1. Considering the stretch 39-70 alone, what residues qualify as being within 16 Å of the ligand (Cβ to nearest atom) and surrounded by 14 or more Cβ atoms within 10 Å (Cβ to Cβ)?
2. Restricted to the stretch 11-30, and to residues that are under 20 Å from R65 (Cα atoms) and of a type in the set (K, R), which residue is surrounded by the fewest Cβ atoms within 10 Å (Cβ to Cβ)?
3. Looking at D29, D61, D20, which is the one that is closer than 28 Å to M1 by Cα and either touching a strand residue (DSSP E or B) at 6+ places or on another chain (Cβ under 8 Å) or of a type in the set (D, E, K, R) (or both)?
4. Give the number of residues within the stretch 1-38 that are away from the ligand (no atom under 13 Å from the Cβ) and in a loop (DSSP other than H, G, I, E, B).
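Values in this text are rule-based calculations from the coordinates and carry no lab data. Values in this document were obtained by computation on a predicted structure and should not be read as measured data. Here the Cβ positions follow ideal geometry from the backbone for every residue, glycine too, while neighbour counts run over all protein chains shown.
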Amino acid sequence: MKCMHCQGTMVKGVAPFHIDKKGYHLTLDEVPAWICQQCGEFYFDEPQVDSIQEIIRKLEDGTERLSDVA
Ligand SMILES: [Zn+2]
């Protein structure tokens, strides 16, 4: 697997994931990822992307319910 930016070698490691949304901010410290040894760019594999999307979905559900004061 090669880096899309610099064609450097990608190695397995962990990388942080952070997202700012309206109403919440999500930071995951250590997500398994492919990290470029040359430029530091990182990519998440599909299972990790799925997990992150699942977490975001649950967060959005939760924050929606939380703000539902009716
Ligand atoms: Zn790179």
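1. E41, F42, Y43, F44, listed by residue number.
2. Across the stretch 11-30, the extreme among qualifying residues is K22.
3. Every option except D29 fails the conditions.
4. 2
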